[in-house]
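All remarks here apply to the structure that follows.
The values are calculated or read from the model by the stated rules, or taken from the named source; none is laboratory data. This structure is a prediction, so every number in the text was calculated from the model and none was measured. Cβ: placed from backbone, ideal geometry, glycine included. Neighbour counts: every protein chain shown. Quick note on the areas: whole protein, heavy atoms, side chains included, nothing else; ligands and nucleic acids left out. Shrake-Rupley method; radii C 1.70, N 1.55, O 1.52, S 1.80 Å.
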There are 2 protein chains.
Amino acid sequence: MQDSHSGESLLFLTDEQLRQGIEAMFFAYRGFTADPDRILAGMAYGRAHHRAVHFIARAPGTTVNNLLAILGVTKQSLNRVLRTLVEDGLVEAKIGRTDKRERNLFLTDEGAALERKLSDAQRARMRRAFRDAGPEAVSGFRQVLEAMMDSDQRRRYQALREGSK
Amino acid sequence: MQDSHSGESLLFLTDEQLRQGIEAMFFAYRGFTADPDRILAGMAYGRAHHRAVHFIARAPGTTVNNLLAILGVTKQSLNRVLRTLVEDGLVEAKIGRTDKRERNLFLTDEGAALERKLSDAQRARMRRAFRDAGPEAVSGFRQVLEAMMDSDQRRRYQALREGSK
DNA sequence: TTGGAATGTCAACAAAGCTGACATAAACTG
DNA sequence: CAGTTTATGTCAGCTTTGTTGACATTCCAA
């Protein structure tokens, strides 16, 4: 399109380009959450429950404190969500073996079923987007997103990647 | 790993890859909003005000209805935000010339100053991310995000791009 | 002139974040 | 062992931002 010979490293960073990137994030994030939101709309759960269930599925046995750090919310906020999930039998909180203060979080079968339902919907959209854009684009997508994270969030993101290799 | 015989165009679309994409969106979006959020924390405004101010700056003279469609919220929700911005003298709502039912929205100098402050912070992060990732990656980033949008949101996104060429 | 569109507003409510304070049990430390 | 710190849970209250529903006003257009 426009760039690039000499200053390709600068030329594409016009305010207009950056603004488009900002708006792309905004609109894409709506799409990103739209499908799970629709599924959850009927139930007594919301986006916060989805996030909790997602990361418990991702790292079974994780502690409350770890989940807190990943989600970046207060324990009160998380606890409200977690309590309803435990009460409803979607999540099990087992007392830690080595450290009995800790609670290790697991999905029950029912919890795993919900996670799968939400995850399937979200992955379907991601799959479509990845397929439409192609492998090259996917690589760039991830590079930019990773560069956009706060460094501590990036560490957590990378830890999750490592953990599930 | 399960799939895929049919080739590289499918090979990279494992559930694990998709899941990483999902988590990248989650963590990156936190970074994306972190800087403006920090600035707004002190004031009586929030993310919703930022969004309104952003799109009014982007398309001066836009109507309430148009803004509604872009932001994807109810008029009551937007109205609450818009009212405080008008009361505080950051936004001016001019009665439409051709259709007097419409309100054409503009930023005042003060509103433009706030918009710049928020925008500068958000662009700085985007600039860093774009620079770190490189032009190729930026292109891929935008392709994937665009593919992830709902089609109506994509139309609005593209309309904004056209409008400010 | 009447119907419908665009807008504004009131009331009530819900989701999900926040702070602050306090309780309990377990682990660690001196 | 005593005292402190850590992990977790919980109560109360507040804020932001979203929602519905109802209703008023204005005014274009058939």
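Before moving on, here are some points about what is shown:
- When the residues of segment A:62-111 are filtered to those that are within 11 Å of DNA strand C (Cβ to nearest atom) and within 22 Å of B:GLY21 (Cβ to Cβ), the one that is farthest from the chain's Cα centre (by Cα) is A:GLY72.
- Just one of the listed residues (B:GLY96, B:GLY134, B:GLY111) is open to solvent by less than 40 Å² (accessible area, probe 1.4 Å) and on the phi > 0 side of the Ramachandran plot, namely B:GLY134.
- Taking first residues from segment B:73-89 that are closer than 15 Å to B:MET43 by Cα and partners that are more than 8 Å from DNA strand C (Cβ to nearest atom) and polar (S, T, N, Q), the Cβ contacts under 6 Å between residues at least 6 apart in sequence or on separate chains come to B:GLY89/B:THR108.
- Qualifying residue in segment A:19-34 (condition: surrounded by fewer than 21 Cβ atoms within 10 Å (Cβ to Cβ), more than 11 Å from DNA strand D (Cβ to nearest atom) and over 30 Å from B:ALA124 (Cα atoms)): no
- Whichever residue in segment A:86-127 is in a loop (DSSP other than H, G, I, E, B) and hydroxyl-bearing (Ser, Thr, Tyr) and, among such residues, is nearest to the other protein chains (Cβ to nearest Cβ): A:THR108
- Filtering segment A:39-54 to residues that are in contact (Cβ under 8 Å) with a residue 24 or more places away in the chain and either within 11 Å of chain B (Cβ to nearest Cβ) or within 9 Å of DNA strand C (Cβ to nearest atom) (or both) leaves A:LEU40, A:ALA44, A:TYR45, A:ALA48, A:HIS49, A:HIS50, A:ALA52, A:HIS54.
- Residue identified as among the aliphatic types (A, V, I, L, M) and either open to solvent by 20 Å² or more (accessible area, probe 1.4 Å) or farther than 21 Å from A:ASP35 by Cα (or both) among A:ALA147, A:ALA129: A:ALA147
- Scanning segment B:44-56 for residues that are modelled with pLDDT of 95 or more, of a type in the set (A, V, I, L, M, F, W, C) and open to solvent by 30 Å² or more (accessible area, probe 1.4 Å) yields a single hit, B:ALA48.
- Residue list for segment B:58-74, filter: small (Gly, Ala, Ser) and over 15 Å from B:GLN153 (Cα atoms): B:ALA59, B:GLY61
- A:LEU67 being in contact with a helix residue (DSSP H, G or I) (Cβ under 8 Å, 6 or more places away or on another chain) and touching a residue at least 60 places away in the same chain (Cβ under 8 Å): no
- All told, A:ARG101 falls short of being under 26 Å from A:ARG155 (Cα atoms), surrounded by 14 or more Cβ atoms within 10 Å (Cβ to Cβ) and basic (Lys, Arg).
- Residue check for A:LYS117: touching a strand residue (DSSP E or B) at 6+ places or on another chain (Cβ under 6 Å) and not hydroxyl-bearing (Ser, Thr, Tyr): no
- Options B:ALA41, B:ALA59; residue that is surrounded by fewer than 18 Cβ atoms within 10 Å (Cβ to Cβ), among the hydrophobic types (A, V, I, L, M, F, W, C) and more than 14 Å from the chain's Cα centre (by Cα): B:ALA41
- Segment B:52-68: number of residues that are away from DNA strand D (no atom under 12 Å from the Cβ) and not polar (S, T, N, Q): 9
- Residue in segment A:69-84 that is away from every other protein chain (no Cβ under 14 Å), closer than 21 Å to A:LEU160 by Cα, more than 14 Å from DNA strand D (Cβ to nearest atom) and not in a helix (DSSP H, G or I) present: no
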